[in-house]
Amino acid sequence: MGINKKRKKSTRMRGSQTHGRGFMKKARGSGHRGGFGMAGTGKRADQKKTLITNLKYKYFGKSGLKAKKKKYKIINVGDLKRVAGGKKEISLLNYKLLAKGEVKKSLSVKVGATSKGAVEKVEKAGGKVEVVEKNKKDEKNGD
C-alpha cells in the first residue's frame, strides 16, 4: 500500500486580480484615468495652466458689477398713527413706507424709502414725508 500524502491545493483563480492593469492600486476606482474636461484645474493644475490661459473666453475672475440692494423693514400708512403714539414727528430710517391703509392725522415722517401712493396719502392728510438715506457710518454705529 502507498503512503497517503496531502495534495497541495492550487490557488488558481479564473482571472487575475488586476485584470491586466499591472499594479493593484491602479485598478481601484478611476484613479489613473485622469479628469474629465476642465476637472482638476484647481490648486495643483500646473500642467493645465497653458490650456486655461489660451482659451478664447475668460476662465478666471468675475465680470460686471453687482449692486447690493438695501433691505428695509416695511411699514404701512395705516400703522403710522399707532407707531407715532401722539407725536407729530416720526423717524423710521430702517423702514420703507407703503400705501396700505389710511392716515387721518397730519404727521411728519422720516423714512429710508417710500412708495408714491404712501407719499400722496400722507400729504393729503396734511403731513409730509422726507426720504433720508443712511450713511455707511450710521449703519456701522447701529444708529
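Return a yes/no flag: does the stretch 54-67 have any residue that is at pLDDT 75 or above, within 30 Å of residue 94 (Cα to Cα) and charged (D, E, K, R). Scanning the stretch 54-67, I find at least one residue that is at pLDDT 75 or above, within 30 Å of residue 94 (Cα to Cα) and charged (D, E, K, R), so the answer is yes.
One line per residue, one yes/no per condition, for (1) part of a loop (DSSP other than H, G, I, E, B); (2) modelled with pLDDT under 90; (3) touching a Cys at 6+ places or on another chain (Cβ under 9 Å):
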| position | (1), (2), (3) |
| --- | --- |
| 100 | yes, no, no |
| 112 | no, no, no |
| 121 | no, no, no |
| 137 | no, yes, no |
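If you filter the stretch 1-44 down to residues that are part of a loop (DSSP other than H, G, I, E, B) and touching a Gly at 6+ places or on another chain (Cβ under 9 Å), you find that the one that is modelled with the lowest pLDDT is 34.
The values are calculated or read from the model by the stated rules, or taken from the named source; none is laboratory data. Not measured: the values here are computed from a predicted model. Cβ: placed from backbone, ideal geometry, glycine included. Neighbour counts: every protein chain shown.
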